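Okay, structure first, notes after.
Quick note: the coordinates plus some simple rules give every number you see, no bench work behind them. Quick caveat: nothing in here was measured; it's all calculated off a predicted structure. Note: ideal-geometry Cβ built from the backbone for every residue, glycine included; neighbour counts use all protein chains shown.
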Amino acid sequence: MMDKRLSNNLLTYWNKIKENQDMMPHIDSLDVKYPLINEIWNKCLLATITDLTSMTLKYEYIGTEIIELFGNNCDTISKDRSNLSYNPMTKILGKTRAINFIKKPRAITDNGTYELMDGKIIKYRSCLLPFGKNNELDHLVIGITWKLSTYE
């Protein structure tokens, strides 16, 4: 049964595909056609971490709803090599937490507010999930849900 919250569904699936509970799953185990994931994949990002030191990411996938949300800002994150410090998702999570996530990968859920480039404020819930080979971080999946805030 599907939960109402994207973050709960992503966490449930991530825990299901882990071969060992002490290790993160390998990206090859991600099946975006799996019913639980397929329904929410348009609210997700998939990134390859090309350089851990500089936190350089290559976005393999940006969901259609993410593109609609960030609009012109997606030009920044869809480039072949985008630095995590300029990523709207990092602004949501915060650079320090993003660095800590990379140093010690673990599933992170978060919520808060974020100002879009057009000045609108959204309330969001997000989930960052690490993927790697031999427990070495090399991919991440980010899911986010949001609604327009009534205050500005």
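At Lys123 and Glu60, where each label point lies 7 Å from the Cα along Cα→Cβ, what is the point-to-point distance in nanometres?
Modelled inter-label distance: 3.4 nm.
Residues of the range 99-130 with the amide nitrogen closer than 12 Å to a label point 7 Å from the Cα of Val32, along Cα-to-Cβ, please.
none
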